[in-house]
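The values are calculated or read from the model by the stated rules, or taken from the named source; none is laboratory data. Quick caveat: nothing in here was measured; it's all calculated off a predicted structure. Methodologically, a virtual Cβ is constructed for each residue, glycine included, from the backbone with ideal geometry; neighbour enumeration extends over all protein chains shown. We work out accessible area using only protein heavy atoms, side chains counted, and drop any ligands, DNA or RNA first. Shrake-Rupley method; radii C 1.70, N 1.55, O 1.52, S 1.80 Å.
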Amino acid sequence: MRIIKNETNLRQKKVLLRLDLNVPLSEGKITDTTRIDKILPTINFLLKHEAKIIILSHVGRPKGKIEKALSLKPICENLKIKLNQNIELISKNLKEVNSDDLFNDDDQKIVILENLRFYEEEEKNDNVFAEHLASLADIYINDAFSCSHRAHASISEITKFLPSYAGLQLKLEIDALTKITSEIKKPITCIIGGSKISTKINIIKNLIPIFDNIIIVGGMANNVLKFKGYNIGKSIQEDNCNKVIEEIFSLSVKKNCKIIYPVDVTVGKHLKDLPEIKGLNDVSEDELILDIGPKSIKNINNIIEESKTILWNGPAGYFENPSFAKGSLEIMKKIIEKNKANTIYSVAGGGDTVALLNSEGAVNKFNFVSTAGGAFLEFLEGRELPGIKALN
């Protein structure tokens, strides 16, 4: 895979830069700029080397139709301020745009093409559409790891028509995930949560042979507790999971990986209730398990203390209510403490985990925090991502 950082001859070259600027919008305003902030180093690198930048991205799922509410205009305005650049949003039909239509102003260094998913050809990985996009530039850069599990025209097919490179952020993401899947410092621990065990089963199975500890928390842990014969009251759970859980425990024994689950819990009778700590045998029928208890926190923090590498995907409880955020916050604090001492390599990912770290201003206190969602999970499952395959 060629990395754009190693290229120095970019002066006046037109660069198609595929980014993931799919930020949350409310009434035309951006509510979280994390994805924009992460790609600024790549844009600044290209500006420094005097390239002409053509940004490609999408927002939402317009399914091949133009939706004004999903325009890239708010993102264009945000980038203008952050980069102090005159940036033009090209809203003309992309199929009618040609290279001569771009950069008519000599001072202009960046243009943004309107939402790629306004065109059905994008998600169909259409060869003609990809070739047309490629005709606008001299080289192509993929800095959208979070879209790289999609075989779309601007991610996969386009690499057939232009010299293609990985961007700075994409390279960082791959390097971080490689450190927790192949270039590992042991002992290595995974803390995994989420409401459905079925959505994470392939990740768990893929990680068991290479990890020393897998700690199951959140809604997923309820299924494990039920499997082990404990009452979970009216807690969130998934049906028909016993066979899957049996497979996990059986594989973990064969591969010498410890599976850890809560030994005590924090409950409430509803989501806004006050917390009550209970032993596993004491949960009543009308209670919800909403967090791990203090003994579980101590166990998990002891494991983190002994670990050299950690992957965290999924909070320990219903952290949206501060009464049930203690488990997640204590885990976060312990990882940060180890990070400060430079005794652990830490990677976190998944929407809820990132939201928790953002709310605590802790994103920069981990070695790497992934906003990639589906691509992050598919990489951990050991799948080959179409966007990465195309660059290779």
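Below, the figures for the structure above:
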quantity: Considering residues of segment 44-60 that are in contact (Cβ under 8 Å) with a residue 60 or more places away in the chain and either hydroxyl-bearing (Ser, Thr, Tyr) or surrounded by fewer than 19 Cβ atoms within 10 Å (Cβ to Cβ) (or both) only, the residue farthest from residue 77 (Cα to Cα); calculated: 45
quantity: Pairs where the first residue, in segment 322-341, is more than 11 Å from residue 291 (Cα to Cα) and the second is open to solvent by less than 20 Å² (accessible area, probe 1.4 Å) and polar (S, T, N, Q), C-beta under 7 Å, 6+ apart; calculated: 335/346; 339/346
quantity: Of the criteria (1) open to solvent by less than 10 Å² (accessible area, probe 1.4 Å); (2) in a loop (DSSP other than H, G, I, E, B); (3) aliphatic (A, V, I, L, M); (4) closer than 17 Å to residue 309 by Cα, which one residue 197 fails; calculated: (4)
quantity: Residues located in segment 241-258, provided they are farther than 16 Å from residue 210 by Cα and either open to solvent by 100 Å² or more (accessible area, probe 1.4 Å) or assigned to a strand (DSSP E or B) (or both); calculated: 243, 246
quantity: Residue identified as surrounded by fewer than 23 Cβ atoms within 10 Å (Cβ to Cβ), within 30 Å of residue 144 (Cβ to Cβ), basic (Lys, Arg) and without any contact (Cβ under 8 Å) to a residue 60 or more places away in the chain among 226, 171, 205; calculated: 205
quantity: Matching residues, segment 135-145, being within 14 Å of the chain's Cα centre (by Cα) and either among the hydrophobic types (A, V, I, L, M, F, W, C) or open to solvent by 20 Å² or more (accessible area, probe 1.4 Å) (or both); calculated: 144, 145
quantity: Condition check for residue 202: at pLDDT 90 or above, of a type outside the set (A, V, I, L, M) and not in a strand (DSSP E or B); calculated: no
quantity: Segment 259-272 - residue that is open to solvent by 40 Å² or more (accessible area, probe 1.4 Å) and aliphatic (A, V, I, L, M) and, of those, modelled with the lowest pLDDT; calculated: 271
quantity: Restricting segment 11-43 to residues that are over 13 Å from residue 110 (Cα atoms) and of a type in the set (Val, Ile, Thr), the residue that is surrounded by the most Cβ atoms within 10 Å (Cβ to Cβ); calculated: 39
quantity: Among the candidates 193, 167, residue that is more than 21 Å from residue 3 (Cα to Cα) and of a type in the set (Gly, Ala, Ser); calculated: 193
quantity: Residues within segment 146-167 that are closer than 20 Å to residue 12 by Cα and surrounded by fewer than 23 Cβ atoms within 10 Å (Cβ to Cβ), tallied; calculated: 4
quantity: Test: residue in segment 337-352 that is touching a Lys or Arg at 6+ places or on another chain (Cβ under 7 Å) and surrounded by fewer than 19 Cβ atoms within 10 Å (Cβ to Cβ); calculated: yes
quantity: Residue within segment 273-289 that is surrounded by fewer than 21 Cβ atoms within 10 Å (Cβ to Cβ), over 27 Å from the mean Cα position of the chain (by Cα), within 16 Å of residue 191 (Cα to Cα) and not small (Gly, Ala, Ser) present; calculated: no
quantity: Neighbours by Cβ (under 6 Å, 6+ apart or cross-chain): first from segment 243-271, touching a residue at least 12 places away in the same chain (Cβ under 8 Å); second open to solvent by 100 Å² or more (accessible area, probe 1.4 Å); calculated: 263/295; 264/295; 266/277
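For (1) of a type outside the set (Ser, Thr, Tyr); (2) within 21 Å of the chain's Cα centre (by Cα); (3) closer than 22 Å to residue 159 by Cβ, each residue gets a yes or a no:
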position: 13; (1), (2), (3): yes, no, yes
position: 39; (1), (2), (3): yes, yes, yes
position: 54; (1), (2), (3): yes, no, yes
position: 58; (1), (2), (3): yes, yes, yes
position: 61; (1), (2), (3): yes, yes, no
position: 81; (1), (2), (3): yes, no, no
position: 84; (1), (2), (3): yes, no, no
